[in-house]
Amino acid sequence: MFLDHIPTELILFTMLYGGVGVASLIASIYLCLRKGNAFAADVTPPLRLRYWAAALFAVFFMGHIWWYLFYIFSGNIHSVGFMLVSLLDCVGLLITIPGTLFAMLQDRKRPVWPIVTATIPYAVLMGLNTVSSDNHFLNIAIVFILMAYVAFTIYMAFAVRQYGRWLRDNYADLEHKEVWLSHVLVTVILMMIIIYGFDGSNMTISYIVQFIALAFIGLLTWRVETLPQLEVIPVEQLEQQAQLPLPPPSSIEQLLAEHCVGTQLYLQHDLTSSQLALAIGTNRTYLSQYFSSQGITYNVYINELRINHFMNIYREAVAAQKTITAQQLAKDSGYRSYSTFSLAFKQRTGQTVTNWMREMENAS
(Lines give C-alpha, C1' and ligand atoms only; values in the text may rest on other atoms or scores of the structure.)
Protein backbone atom coordinates (compact mmCIF):
# COMPACT_ATOMS: atom_id res chain seq x y z
CA MET A 1 0.00 0.00 0.00
CA PHE A 2 1.02 3.64 -0.56
CA LEU A 3 0.94 4.45 3.15
CA ASP A 4 3.37 1.61 3.89
CA HIS A 5 6.15 3.70 2.34
CA ILE A 6 5.42 6.75 4.51
CA PRO A 7 7.03 6.89 7.97
CA THR A 8 4.55 6.57 10.82
CA GLU A 9 6.02 9.68 12.44
CA LEU A 10 5.22 11.73 9.33
CA ILE A 11 1.64 10.39 9.21
CA LEU A 12 1.07 11.32 12.85
CA PHE A 13 2.53 14.78 12.31
CA THR A 14 0.33 15.35 9.26
CA MET A 15 -2.74 14.41 11.34
CA LEU A 16 -1.66 16.80 14.12
CA TYR A 17 -0.88 19.53 11.58
CA GLY A 18 -4.30 19.13 9.99
CA GLY A 19 -5.98 19.08 13.41
CA VAL A 20 -4.41 22.41 14.33
CA GLY A 21 -5.61 23.87 11.03
CA VAL A 22 -9.17 22.64 11.63
CA ALA A 23 -9.09 23.97 15.22
CA SER A 24 -8.07 27.39 13.85
CA LEU A 25 -10.96 27.36 11.38
CA ILE A 26 -13.49 26.34 14.06
CA ALA A 27 -12.24 29.07 16.42
CA SER A 28 -12.47 31.68 13.65
CA ILE A 29 -16.03 30.72 12.71
CA TYR A 30 -17.03 30.54 16.37
CA LEU A 31 -15.80 34.04 17.17
CA CYS A 32 -17.50 35.47 14.09
CA LEU A 33 -20.89 33.80 14.42
CA ARG A 34 -21.56 33.03 18.09
CA LYS A 35 -23.32 35.82 19.97
CA GLY A 36 -22.86 34.54 23.52
CA ASN A 37 -19.71 33.45 25.36
CA ALA A 38 -18.88 29.87 26.23
CA PHE A 39 -16.22 30.80 28.81
CA ALA A 40 -17.89 33.76 30.55
CA ALA A 41 -21.57 34.15 29.81
CA ASP A 42 -21.88 37.35 31.85
CA VAL A 43 -19.03 39.17 30.06
CA THR A 44 -19.47 41.34 26.96
CA PRO A 45 -16.08 41.31 25.18
CA PRO A 46 -14.92 44.05 22.80
CA LEU A 47 -16.34 43.33 19.35
CA ARG A 48 -13.19 44.73 17.73
CA LEU A 49 -11.03 42.20 19.60
CA ARG A 50 -13.38 39.36 18.66
CA TYR A 51 -13.08 40.11 14.93
CA TRP A 52 -9.31 40.63 15.02
CA ALA A 53 -8.81 37.29 16.78
CA ALA A 54 -11.13 35.60 14.25
CA ALA A 55 -9.02 37.06 11.43
CA LEU A 56 -5.82 35.78 13.08
CA PHE A 57 -7.26 32.28 13.36
CA ALA A 58 -8.32 32.45 9.72
CA VAL A 59 -4.73 33.33 8.75
CA PHE A 60 -3.53 30.37 10.83
CA PHE A 61 -5.90 28.07 8.96
CA MET A 62 -4.97 29.39 5.52
CA GLY A 63 -1.28 29.15 6.44
CA HIS A 64 -1.69 25.45 7.21
CA ILE A 65 -3.40 24.96 3.86
CA TRP A 66 -0.94 26.73 1.58
CA TRP A 67 2.21 25.44 3.33
CA TYR A 68 0.86 21.90 3.14
CA LEU A 69 0.15 22.30 -0.61
CA PHE A 70 3.58 23.85 -1.15
CA TYR A 71 5.46 20.92 0.38
CA ILE A 72 3.23 18.41 -1.43
CA PHE A 73 3.66 19.87 -4.91
CA SER A 74 7.01 21.70 -4.76
CA GLY A 75 9.19 22.03 -1.67
CA ASN A 76 11.68 24.17 -3.59
CA ILE A 77 12.67 27.13 -1.38
CA HIS A 78 13.96 29.03 -4.41
CA SER A 79 10.70 28.83 -6.33
CA VAL A 80 8.12 31.53 -6.93
CA GLY A 81 5.66 29.42 -4.96
CA PHE A 82 7.85 29.58 -1.86
CA MET A 83 8.13 33.36 -2.18
CA LEU A 84 4.34 33.70 -2.51
CA VAL A 85 3.38 31.49 0.44
CA SER A 86 6.07 33.13 2.60
CA LEU A 87 4.77 36.59 1.79
CA LEU A 88 1.15 35.56 2.35
CA ASP A 89 2.05 34.04 5.71
CA CYS A 90 4.22 36.98 6.79
CA VAL A 91 1.83 39.72 5.69
CA GLY A 92 -1.17 37.94 7.17
CA LEU A 93 0.50 37.47 10.56
CA LEU A 94 2.06 40.95 10.60
CA ILE A 95 -1.41 42.43 10.18
CA THR A 96 -3.53 40.20 12.41
CA ILE A 97 -1.15 39.63 15.35
CA PRO A 98 -0.57 43.36 16.09
CA GLY A 99 -4.25 44.07 15.37
CA THR A 100 -5.30 41.46 17.93
CA LEU A 101 -2.83 42.57 20.60
CA PHE A 102 -3.67 46.24 20.05
CA ALA A 103 -7.39 45.46 20.38
CA MET A 104 -6.70 44.18 23.91
CA LEU A 105 -5.40 47.63 24.85
CA GLN A 106 -8.76 49.34 24.88
CA ASP A 107 -7.45 52.65 26.14
CA ARG A 108 -5.75 53.45 22.82
CA LYS A 109 -6.41 52.80 19.14
CA ARG A 110 -2.97 52.16 17.80
CA PRO A 111 -2.46 52.00 14.00
CA VAL A 112 -1.32 48.72 12.46
CA TRP A 113 0.00 50.16 9.19
CA PRO A 114 3.54 51.03 10.47
CA ILE A 115 4.12 47.36 11.22
CA VAL A 116 2.77 46.29 7.83
CA THR A 117 5.48 48.39 6.16
CA ALA A 118 8.01 45.91 7.59
CA THR A 119 6.87 43.47 4.90
CA ILE A 120 8.38 45.62 2.13
CA PRO A 121 12.07 44.78 2.85
CA TYR A 122 11.01 41.18 3.48
CA ALA A 123 9.29 41.02 0.07
CA VAL A 124 12.40 42.40 -1.62
CA LEU A 125 14.66 39.86 0.11
CA MET A 126 12.33 36.99 -0.78
CA GLY A 127 12.29 38.13 -4.40
CA LEU A 128 16.10 38.15 -4.46
CA ASN A 129 16.10 34.68 -2.88
CA THR A 130 13.91 33.42 -5.72
CA VAL A 131 16.28 34.57 -8.45
CA SER A 132 19.47 33.56 -6.59
CA SER A 133 20.97 30.10 -6.35
CA ASP A 134 21.80 30.08 -2.63
CA ASN A 135 20.11 30.75 0.71
CA HIS A 136 21.96 33.98 1.45
CA PHE A 137 18.96 36.28 0.94
CA LEU A 138 16.61 33.83 2.67
CA ASN A 139 18.78 33.89 5.81
CA ILE A 140 18.85 37.69 5.74
CA ALA A 141 15.04 37.72 5.41
CA ILE A 142 14.66 35.44 8.43
CA VAL A 143 17.03 37.61 10.50
CA PHE A 144 15.11 40.71 9.42
CA ILE A 145 11.78 39.24 10.54
CA LEU A 146 13.36 38.16 13.83
CA MET A 147 14.64 41.71 14.44
CA ALA A 148 11.22 43.13 13.58
CA TYR A 149 9.65 40.69 16.03
CA VAL A 150 12.06 41.72 18.82
CA ALA A 151 11.35 45.41 18.17
CA PHE A 152 7.61 44.78 18.25
CA THR A 153 7.93 42.80 21.50
CA ILE A 154 9.79 45.69 23.16
CA TYR A 155 7.17 48.15 21.94
CA MET A 156 4.34 45.97 23.30
CA ALA A 157 6.07 45.70 26.69
CA PHE A 158 5.91 49.49 27.05
CA ALA A 159 2.35 49.60 25.65
CA VAL A 160 1.06 46.99 28.12
CA ARG A 161 2.77 48.79 31.00
CA GLN A 162 1.14 52.05 29.95
CA TYR A 163 -2.21 50.27 29.69
CA GLY A 164 -1.81 48.91 33.23
CA ARG A 165 -1.20 52.41 34.61
CA TRP A 166 -4.25 53.66 32.72
CA LEU A 167 -6.38 50.91 34.27
CA ARG A 168 -5.30 51.81 37.80
CA ASP A 169 -6.06 55.45 37.19
CA ASN A 170 -9.60 54.72 35.99
CA TYR A 171 -10.92 51.42 37.39
CA ALA A 172 -11.52 50.10 40.88
CA ASP A 173 -12.04 46.48 39.73
CA LEU A 174 -9.25 44.98 37.63
CA GLU A 175 -10.68 41.46 37.44
CA HIS A 176 -9.87 40.09 33.95
CA LYS A 177 -9.08 43.61 32.69
CA GLU A 178 -5.29 43.28 32.82
CA VAL A 179 -3.67 41.68 29.80
CA TRP A 180 0.06 41.49 30.58
CA LEU A 181 0.02 37.72 31.23
CA SER A 182 -1.74 37.07 27.93
CA HIS A 183 0.85 39.18 26.11
CA VAL A 184 3.73 37.32 27.77
CA LEU A 185 2.30 33.94 26.80
CA VAL A 186 1.57 35.08 23.25
CA THR A 187 5.13 36.41 22.99
CA VAL A 188 6.57 33.04 24.06
CA ILE A 189 4.32 31.18 21.64
CA LEU A 190 5.25 33.41 18.71
CA MET A 191 8.93 32.99 19.61
CA MET A 192 8.51 29.24 19.26
CA ILE A 193 6.95 29.74 15.83
CA ILE A 194 9.98 31.80 14.78
CA ILE A 195 12.32 29.07 16.05
CA TYR A 196 10.30 26.66 13.94
CA GLY A 197 10.98 28.90 10.95
CA PHE A 198 14.71 28.56 11.52
CA ASP A 199 14.66 24.76 11.78
CA GLY A 200 11.41 23.48 10.30
CA SER A 201 13.07 20.18 9.33
CA ASN A 202 13.47 19.14 12.97
CA MET A 203 10.50 16.85 13.65
CA THR A 204 10.68 17.29 17.44
CA ILE A 205 10.45 21.07 17.11
CA SER A 206 7.65 20.67 14.57
CA TYR A 207 5.60 18.62 17.05
CA ILE A 208 6.25 21.08 19.88
CA VAL A 209 5.22 24.06 17.76
CA GLN A 210 1.94 22.41 16.71
CA PHE A 211 1.02 21.62 20.32
CA ILE A 212 1.93 25.19 21.27
CA ALA A 213 -0.31 26.43 18.43
CA LEU A 214 -3.21 24.47 19.95
CA ALA A 215 -2.51 26.09 23.31
CA PHE A 216 -2.38 29.48 21.60
CA ILE A 217 -5.82 28.94 20.04
CA GLY A 218 -7.30 28.01 23.40
CA LEU A 219 -5.58 30.86 25.26
CA LEU A 220 -6.59 33.55 22.80
CA THR A 221 -10.20 32.33 22.60
CA TRP A 222 -10.42 32.38 26.41
CA ARG A 223 -8.87 35.87 26.55
CA VAL A 224 -11.29 37.24 23.96
CA GLU A 225 -14.30 35.97 25.87
CA THR A 226 -13.18 36.97 29.37
CA LEU A 227 -11.86 40.47 28.62
CA PRO A 228 -14.76 42.83 29.36
CA GLN A 229 -15.62 45.79 27.19
CA LEU A 230 -14.34 48.76 29.14
CA GLU A 231 -16.49 51.76 29.79
CA VAL A 232 -17.35 53.91 26.79
CA ILE A 233 -18.14 57.38 28.15
CA PRO A 234 -21.16 58.92 26.39
CA VAL A 235 -20.54 62.21 24.61
CA GLU A 236 -23.25 63.84 26.72
CA GLN A 237 -21.42 62.87 29.91
CA LEU A 238 -18.12 64.24 28.61
CA GLU A 239 -19.82 67.52 27.70
CA GLN A 240 -21.48 67.64 31.10
CA GLN A 241 -18.14 67.13 32.87
CA ALA A 242 -16.46 69.76 30.68
CA GLN A 243 -19.04 72.35 31.75
CA LEU A 244 -18.58 71.70 35.46
CA PRO A 245 -16.60 74.32 37.39
CA LEU A 246 -13.32 72.88 38.61
CA PRO A 247 -13.13 72.88 42.41
CA PRO A 248 -9.83 73.92 44.03
CA PRO A 249 -7.52 71.03 45.01
CA SER A 250 -8.09 71.75 48.70
CA SER A 251 -11.78 70.92 48.34
CA ILE A 252 -11.37 67.60 46.46
CA GLU A 253 -10.74 65.70 49.68
CA GLN A 254 -13.86 67.21 51.26
CA LEU A 255 -15.96 66.40 48.19
CA LEU A 256 -14.73 62.80 48.21
CA ALA A 257 -15.53 62.46 51.90
CA GLU A 258 -19.02 63.82 51.31
CA HIS A 259 -20.02 62.16 48.03
CA CYS A 260 -17.94 58.96 48.04
CA VAL A 261 -17.19 58.00 51.65
CA GLY A 262 -20.33 59.45 53.21
CA THR A 263 -22.69 57.86 50.69
CA GLN A 264 -20.59 54.64 50.48
CA LEU A 265 -20.45 55.05 46.72
CA TYR A 266 -17.22 53.03 46.77
CA LEU A 267 -19.29 49.87 47.37
CA GLN A 268 -20.70 50.08 43.84
CA HIS A 269 -19.38 47.27 41.64
CA ASP A 270 -17.20 48.39 38.71
CA LEU A 271 -17.21 52.01 39.84
CA THR A 272 -15.05 54.03 37.43
CA SER A 273 -13.17 57.27 37.93
CA SER A 274 -15.51 58.99 35.45
CA GLN A 275 -18.54 58.05 37.54
CA LEU A 276 -16.86 59.20 40.73
CA ALA A 277 -15.73 62.47 39.13
CA LEU A 278 -19.27 63.19 37.99
CA ALA A 279 -20.61 62.39 41.47
CA ILE A 280 -18.33 64.93 43.17
CA GLY A 281 -18.74 67.58 40.46
CA THR A 282 -15.44 67.50 38.57
CA ASN A 283 -13.90 65.73 35.59
CA ARG A 284 -11.87 62.54 35.36
CA THR A 285 -8.59 64.22 34.41
CA TYR A 286 -8.72 66.62 37.35
CA LEU A 287 -9.57 63.80 39.76
CA SER A 288 -6.69 61.70 38.42
CA GLN A 289 -4.31 64.62 38.96
CA TYR A 290 -5.50 64.88 42.55
CA PHE A 291 -4.77 61.20 43.24
CA SER A 292 -1.35 61.55 41.61
CA SER A 293 -0.55 64.48 43.91
CA GLN A 294 -1.35 62.20 46.85
CA GLY A 295 1.01 59.51 45.53
CA ILE A 296 -1.78 56.99 44.90
CA THR A 297 -4.01 55.83 42.07
CA TYR A 298 -7.78 55.70 41.83
CA ASN A 299 -7.61 51.93 42.25
CA VAL A 300 -5.62 52.23 45.50
CA TYR A 301 -8.05 54.83 46.86
CA ILE A 302 -11.17 52.74 46.27
CA ASN A 303 -9.59 49.53 47.55
CA GLU A 304 -8.50 51.29 50.73
CA LEU A 305 -12.10 52.31 51.42
CA ARG A 306 -13.47 48.86 50.61
CA ILE A 307 -10.97 46.99 52.79
CA ASN A 308 -11.58 49.36 55.70
CA HIS A 309 -15.31 48.72 55.23
CA PHE A 310 -14.67 44.97 55.34
CA MET A 311 -12.62 45.28 58.52
CA ASN A 312 -15.24 47.38 60.31
CA ILE A 313 -18.10 45.05 59.42
CA TYR A 314 -16.11 41.99 60.49
CA ARG A 315 -15.16 43.55 63.83
CA GLU A 316 -18.82 44.35 64.47
CA ALA A 317 -19.81 40.78 63.56
CA VAL A 318 -17.21 39.32 65.91
CA ALA A 319 -18.29 41.63 68.73
CA ALA A 320 -21.92 40.59 68.20
CA GLN A 321 -20.86 36.93 67.94
CA LYS A 322 -22.42 36.62 64.48
CA THR A 323 -21.30 33.97 62.02
CA ILE A 324 -20.42 35.46 58.64
CA THR A 325 -18.18 34.33 55.79
CA ALA A 326 -15.35 36.34 54.32
CA GLN A 327 -16.72 35.67 50.83
CA GLN A 328 -20.04 37.30 51.65
CA LEU A 329 -18.35 40.23 53.40
CA ALA A 330 -16.06 40.76 50.40
CA LYS A 331 -19.09 40.93 48.11
CA ASP A 332 -20.80 43.37 50.47
CA SER A 333 -17.64 45.47 50.43
CA GLY A 334 -17.81 46.07 46.68
CA TYR A 335 -15.87 43.10 45.26
CA ARG A 336 -17.27 40.78 42.62
CA SER A 337 -14.41 38.31 43.01
CA TYR A 338 -13.05 36.98 46.29
CA SER A 339 -9.64 36.34 44.71
CA THR A 340 -9.40 40.01 43.73
CA PHE A 341 -10.37 41.04 47.26
CA SER A 342 -7.89 38.59 48.82
CA LEU A 343 -5.02 39.99 46.74
CA ALA A 344 -5.96 43.61 47.50
CA PHE A 345 -6.30 42.79 51.22
CA LYS A 346 -2.81 41.27 51.39
CA GLN A 347 -1.33 44.24 49.54
CA ARG A 348 -3.05 46.60 51.96
CA THR A 349 -2.34 44.79 55.27
CA GLY A 350 0.63 42.54 54.52
CA GLN A 351 -1.23 39.43 55.68
CA THR A 352 -3.85 37.05 54.37
CA VAL A 353 -7.55 37.48 55.09
CA THR A 354 -7.63 34.21 57.07
CA ASN A 355 -4.75 35.22 59.35
CA TRP A 356 -6.24 38.66 60.00
CA MET A 357 -9.66 37.20 60.83
CA ARG A 358 -8.06 34.69 63.20
CA GLU A 359 -6.23 37.51 65.00
CA MET A 360 -9.51 39.43 65.38
CA GLU A 361 -11.24 36.39 66.82
CA ASN A 362 -8.43 35.71 69.30
CA ALA A 363 -8.33 39.35 70.35
CA SER A 364 -12.06 39.34 71.08
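Once region 63-91 is narrowed to residues that are in contact with a Ser or Thr (Cβ under 9 Å, 6 or more places away or on another chain) and either farther than 20 Å from residue 125 by Cβ or among the hydroxyl-bearing types (Ser, Thr, Tyr) (or both), the residue that is surrounded by the most Cβ atoms within 10 Å (Cβ to Cβ) is 64. List, please: which pairs have Cβ atoms under 7 Å, are six or more places apart or on different chains, and start with a residue in region 92-112 that is open to solvent by less than 30 Å² (accessible area, probe 1.4 Å) and among the basic types (Lys, Arg) and end with one that is modelled with pLDDT under 85 and in a helix (DSSP H, G or I)? If the second residue must be modelled with pLDDT under 85 and in a helix (DSSP H, G or I), no pairs are left. Within region 327-336, one or more residues are without any contact (Cβ under 8 Å) to a residue 40 or more places away in the chain, farther than 17 Å from residue 270 by Cβ and surrounded by fewer than 17 Cβ atoms within 10 Å (Cβ to Cβ). Among the criteria (1) closer than 18 Å to residue 149 by Cβ; (2) outside any loop (DSSP other than H, G, I, E, B), the one residue 49 does not fulfil is (1). Listed by first and then second residue, the pairs linking a residue in region 308-320 that is surrounded by 13 or more Cβ atoms within 10 Å (Cβ to Cβ) to a residue that is assigned to a loop (DSSP other than H, G, I, E, B), with Cβ atoms under 7 Å apart and 6 or more places separating them unless they lie on different chains, are 309/333; 310/333; 317/324; 318/364. Residues of region 276-294 that are open to solvent by 70 Å² or more (accessible area, probe 1.4 Å) and either within 29 Å of residue 360 (Cβ to Cβ) or among the polar types (S, T, N, Q) (or both): 285, 289, 292, 293, 294.
Cβ-Cβ distances below 8 Å connect the following pairs, each with a first residue in region 260-273 that is crowded, with 17+ Cβ neighbours inside 10 Å, a second residue that is among the aliphatic types (A, V, I, L, M) and assigned to a loop (DSSP other than H, G, I, E, B), and a separation of six or more residues or different chains: 265/271; 266/172; 271/172; 272/172.
Quick one: is residue 159 open to solvent by 50 Å² or more (accessible area, probe 1.4 Å), on the phi < 0 side of the Ramachandran plot and out of contact with any Gly (no Cβ under 9 Å at 6 or more places or on another chain)? Can you show your working first?
Details: open to solvent by 50 Å² or more (accessible area, probe 1.4 Å): no; on the phi < 0 side of the Ramachandran plot: yes; out of contact with any Gly (no Cβ under 9 Å at 6 or more places or on another chain): yes.
Criteria not met by residue 159.
The values are calculated or read from the model by the stated rules, or taken from the named source; none is laboratory data. The structure presented is a predicted model; accordingly, all values stated were derived computationally and were not measured. No Cβ is skipped: glycine too gets one built from the backbone with ideal geometry, and neighbour counts run over all protein chains shown. We work out accessible area using only protein heavy atoms, side chains counted, and drop any ligands, DNA or RNA first. Shrake-Rupley method; radii C 1.70, N 1.55, O 1.52, S 1.80 Å.
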